[in-house]
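Please read the structure below before turning to the comments.
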Amino acid sequence: MGVEVVVEGLTKKFGSSLIWKDVTLTLPAGEISVMLGPSGTGKSVFLKTLIGLLKPNSGHVWIEGVDIANCKEKDLYEIRKLFGVLFQDGAMFGSMDLYDNVAFPLREHTRKSESEIRNIVMDKMELTGLVGAEHKLPGEISGGMRKRAGLARALVMDPEILLIDEPDSGLDPVRTSYINQLFIDLNAQIDATFLIVTHDINTARRVPDNIGLLYHKHLAMFGPREMLLTSEEPVVAQFLNAQTVGPIGMSEEKDADELAAEQGIAMPPLPPVPVQLETSDGRPRRGQREPGAWCRENGVVPPPGSFEPNAEQALSA
Ligand SMILES: Nc1ncnc2c1ncn2[C@@H]1O[C@H](COP(=O)(O)OP(=O)(O)OP(=O)(O)O)[C@@H](O)[C@H]1O
């Protein structure tokens with residue numbers, strides 16, 4: 001389960017406006033990757049391009065030997081069945097209760113009987129902690145529950161690839177922690193390839209196996225979590241450690257005057273690398289590695305205090 005997604009030289013423009021250029025990365029099968037970036041850098045456009053909702057100007061997205069950026073509609077239709085997508089607002093139908101919302105893709109795209117549908121829907125409701133809320137309308141539940149309902153719906157077709165757009169938008173830190181734990185537990189259970197787009201650096205620091213950062217119309221870096229959290233590269237270090245000193249300003253890039261004013265101000269030292277969030281029942285995940293393994297294998301000395309149980313002091317953005 002879980003398939004690799006290989007992105008090669010992807011470039012996207014709207015008219016003459018370049019969104020990002022030459023993005024190349026591989027989402028490893030069954031692992032959790034996070035895509036970060038300042039507002040407006042094209043993270044949502046990237047998700048939509050991966051699933052073929054938007055066409056890139058050039059480049060390839062290879063999934064199981066098919067280039068979905070350039071294939072026929074018929075092949076795209078087949079490949080899309082591998083995806084589950086959780087949109088920012090959950091994208092629920094307001095007039096249907098949660099049960100019917102979650103059942104919708106099964107009724108629309110399969111010939112399953114209502115009793116088979118019931119088994120699948122209730123299984124996904126259980127996975128996402130929604131048993132008992134089946135007959136509530138989306139307008140009657142909290143934002144956190146709506147996201148979990150969107151997640152249950154994204155799971156009913158047993159996706160190999162799960163794309164999740166800003167799961168933490170509009171959620172308080174406690175609900176964000178719950179949904180992050182749910183992603184880790186789900187990843188262990190379904191072994192799908194996850195890509196989460198987020199602004200939340202605490203999510204990015206603790207949840208994924210891999211992190212990518214889109215900045216200034218290109219992919220600044222993509223790689224294992226420990227690689228980015230120990231990187232001294234100014235854009236990566238500034239963003240992942242929520243610093244104001246560095247090349248990123250309020251509206252993405254700082255201008256020359258702002259950067260000149262910072263001359264001589266050293267970037268603060270990197271904080272300790274936190275341990276990665278584990279599954280709640282201790283079940284291993286495919287992408288999980290021993291804390292510090294990447295650093296050891298690559299001869300990188302992590303900041304003092306890294307991987308200690310209490311190293312995960314929340315950073316404020
Ligand atoms: N269909 C479209 N047509 C034209 N421009 C678009 C379209 N979709 C997105 N854009 C533009 O592409 C840019 C990137 O948008 P996108 O929503 O992907 O950014 P983002 O990084 O997800 O931002 P945020 O973090 O604020 O959600 C924006 O300038 C947006 O206006």
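The values are calculated or read from the model by the stated rules, or taken from the named source; none is laboratory data. If you're wondering where the values come from, they're calculated on a predicted model, not measured in any experiment. Heads up, the Cβs are rebuilt from the backbone with ideal geometry, glycines too, and the neighbour counts pull from every protein chain shown.
Figure legend. Inter-residue proximity from segment 29-56: first residues without any contact (Cβ under 8 Å) to a residue 12 or more places away in the chain, second residues within 11 Å of the ligand (Cβ to nearest atom) and among the hydrophobic types (A, V, I, L, M, F, W, C), beta-carbon distance below 6 Å, spacing 6+ or different chains. Indicated pairs: K48/L54.
Residues in segment 187-205 that are part of a helix (DSSP H, G or I) and surrounded by fewer than 21 Cβ atoms within 10 Å (Cβ to Cβ): A188, Q189, I190, I201. Considering only residues in segment 132-155 that are surrounded by fewer than 21 Cβ atoms within 10 Å (Cβ to Cβ) and of a type in the set (A, V, I, L, M, F, W, C), the one that is farthest from D209 (Cα to Cα) turns out to be L137. Just one of the listed residues (M157, M122) is out of contact with any Ser or Thr (no Cβ under 6 Å at 6 or more places or on another chain), assigned to a helix (DSSP H, G or I) and either within 27 Å of F46 (Cβ to Cβ) or more than 16 Å from the ligand (Cβ to nearest atom) (or both), namely M122. Which of the residues belonging to segment 214-262 are assigned to a loop (DSSP other than H, G, I, E, B), within 20 Å of V300 (Cα to Cα) and modelled with pLDDT of 85 or more? Within segment 214-262, T230, S231, E232, E233 qualify.
Pairs are defined by a Cβ separation below 6 Å, a sequence spacing of at least 6 or placement on different chains, a first member in segment 2-16 that is more than 26 Å from I190 (Cβ to Cβ), and a second member that is among the basic types (K, R); the pairs so defined are T11/K21.
Being closer than 25 Å to V102 by Cα and either within 16 Å of the ligand (Cβ to nearest atom) or in a strand (DSSP E or B) (or both) is the requirement here; does S39 meet it? Taking the combined requirement at face value, the residue does not satisfy it. Taking the conditions exactly as written (within 16 Å of the ligand (Cβ to nearest atom), surrounded by fewer than 17 Cβ atoms within 10 Å (Cβ to Cβ) and either under 20 Å from the mean Cα position of the chain (by Cα) or assigned to a helix (DSSP H, G or I) (or both)), does D89 satisfy them or not? The answer is yes for D89.
Give the residue, chosen from V102, V66, V45, that is surrounded by 14 or more Cβ atoms within 10 Å (Cβ to Cβ), β-branched (V, I, T) and within 16 Å of the ligand (Cβ to nearest atom).
On the way: V102 fails: within 16 Å of the ligand (Cβ to nearest atom); V66 fails: within 16 Å of the ligand (Cβ to nearest atom).
V45 is the lone residue from the list that is surrounded by 14 or more Cβ atoms within 10 Å (Cβ to Cβ), β-branched (V, I, T) and within 16 Å of the ligand (Cβ to nearest atom).
Per this entry, I79 is counted among residues that are at pLDDT 90 or above, away from the ligand (no atom under 11 Å from the Cβ), buried (at least 19 other Cβ atoms within 10 Å of the Cβ) and of a type in the set (A, V, I, L, M, F, W, C). Taking V5 as the residue in question, decide whether it is in contact with a helix residue (DSSP H, G or I) (Cβ under 8 Å, 6 or more places away or on another chain), at pLDDT 95 or above, within 26 Å of Q276 (Cα to Cα) and more than 16 Å from the ligand (Cβ to nearest atom). Answer is yes for this residue. So, E116, is that one closer than 24 Å to G2 by Cα, surrounded by fewer than 15 Cβ atoms within 10 Å (Cβ to Cβ) and under 23 Å from the mean Cα position of the chain (by Cα) or not? The answer is no for E116.
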